[in-house]
1. What percent of all Cα-Cα pairs in segment 214-291 falls into each 10 Å bin, going from 0 up to the bin containing the maximum distance?
2. For Ile117, Ile305, Ile38, which order do you get if you count the other beta carbons within 10 Å of each Cβ and list the fewest first?
3. Averaged across orientations, what area in nm² does the convex hull of the alpha carbons in segment 2-416 project?
4. Which is farthest toward the positive dipole end of segment 2-416 among Ser304, Pro98, Cys115, measuring Cα position about the Cα centre, with Cβ charges +1 (Lys, Arg) and -1 (Asp, Glu)?
5. ³J(HN,Hα) across segment 326-340 via Karplus (A = 6.51, B = -1.76, C = 1.60, θ = phi - 60°), whole Hz, x for Gly/Pro?
6. For the residues Phe146, Phe89, what sequence is obtained by ranking on other C-beta atoms within 10 Å, fewest first?
7. Quick one: net charge of Leu365's neighbours, Cβ under 15 Å, K/R +1, D/E -1?
8. Among Asp294, Asp265, Asp153, rank each residue by its count of other Cβ atoms within 10 Å, from fewest to most, as a rough exposure measure.
Amino acid sequence: MIRPAIGTIATRTVITALNLLVVVAAGNKLGASGIGAISLLVLGITFILLLNNVVGGGGLVYLAPRHGTSALRWPAYGWALLVAGVAWFVLHRFPLVPEGLAAHAVALAFLQSFCSIHLGLLLGRERIAAHNLLLVLQAAILLGCFVWFLQNDDANLLDYVHAAYIAHGTTAVLSGIATLDRTRGGASPVSALVDLFQQGSLAQAANGLQLLNYRLAYYLVERFVGTAALGLYAVTTQLAESAWLAPKSLGMVLYARVSNTPEADRQRDLTLTVLKAAVGIALITVIALLVVPDALYRTVFGPSITGVAPLVLLLAPGLIAMSASQAISHYLSGSGRVHHNTVGSGLGLLVTVALGFALIPDHGLRGAAITASAAYTTALVYQLIIFQRLTRARLVNYLPDANDVERLRTIWRRIAG
């Protein structure tokens, strides 16, 4: 597990750095309002992908070892086309993305749907190196093309859109080629589609609720405080969520490994190791973000981005909680108990709605940060209760021990050597 985890952490680190450079470019050329508009466009695309991933998402990872890729590919393609049609109808009637960008949001989501399908098939076969390389390539092309287009005198939001077409289109083609030689399974496309719905519907219900936990505040901030304030909040959350780099990377590898590991004790031990490592690394990242002077944030992201550290401080409890949640949620998904993630995310969403409407209108970005921390912590508490009931882990198992230290030393030797 160590080698793919290291590769995945390195991949997420590179991708996060490239995405932050996209934000830097947008902040210096388009300002905080431009960052806010891009954030709303990306959020709208993400909502479309949630519906696509009912069939073309994480369920592919769980089912690829069981059905083979050939039986899963075509139902997922058909579903992506259907979702694109539904999204076209919805976005032309509800203003979920910046004005005039509904068609672009649907087209970009369609391209990303194919990327998601192909990457899920690769991950399900534990072809983690190919999966990671394609993600890095996608982020690098997006950054390079966006910076190139911004050199024009009339730089605007469409520069990001055009760069995204090139990045996602290229990745969709290359990832499709990478899955052409995968093994066949015995399941028919119809039975595979049924299984994808059963597995994916619960997973995407959890992911959809979790996305609302993450990003409902974006719409509330834009409504009550404005697009420029949303730009500042988007920069802050992206920086703060860098604390999830290692947790999400370890969680993704854990998901693939738990899905392929039948022994319950082994699943539990892997989960606890990932949980402890994820929380420790996230805590260090949060501290690092807090000590960066505000002047540096203004220099990097533009003069309109100020007051980042106080918001990170308010987000910190939730960031740590969600880091721990990455381990538990991927254990639950990989062991076929994804419905518990749905319940936990639903509880967090209730907190988001209740506190968001109560705090954001009066307290602005600080209210949004407090709301996020409370929601993330609520979801984690529920997941820990379920994990404890399933595994009967002792309290001492949650504390670092000599075995964990040795694993971390091994990881460091692999990175350094």
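Laboratory data are not the source of any read-out in this text; all were calculated from the coordinates shown. Predicted model only: the values in this text are computed from it and were never measured. Heads up, the Cβs are rebuilt from the backbone with ideal geometry, glycines too, and the neighbour counts pull from every protein chain shown.
1. Once binned at 10 Å, the Cα pair distances of segment 214-291 give 17, 32, 26, 18, 7, 0.
2. Listed from fewest to most nearby Cβ atoms, that is Ile38, Ile305, Ile117.
3. Working: hull surface 77.2 nm².
Directional mean of the projected Cα hull area for segment 2-416 stands at 19.3 nm².
4. Cys115
5. For segment 326-340, the Karplus curve yields 4, 5, 5, 5, 6, 5, 5, 5, x, 9, x, 10, 5, 4, 5 Hz.
6. Values: Phe146 24, Phe89 10.
Taking fewest neighbouring Cβ atoms as first place, the list is Phe89, Phe146.
7. Taking every other residue near Leu365 into account, the sum is 0.
8. On the way: Asp294 13, Asp265 9, Asp153 4.
Fewest-to-most ranking of Asp294, Asp265, Asp153: Asp153, Asp265, Asp294.
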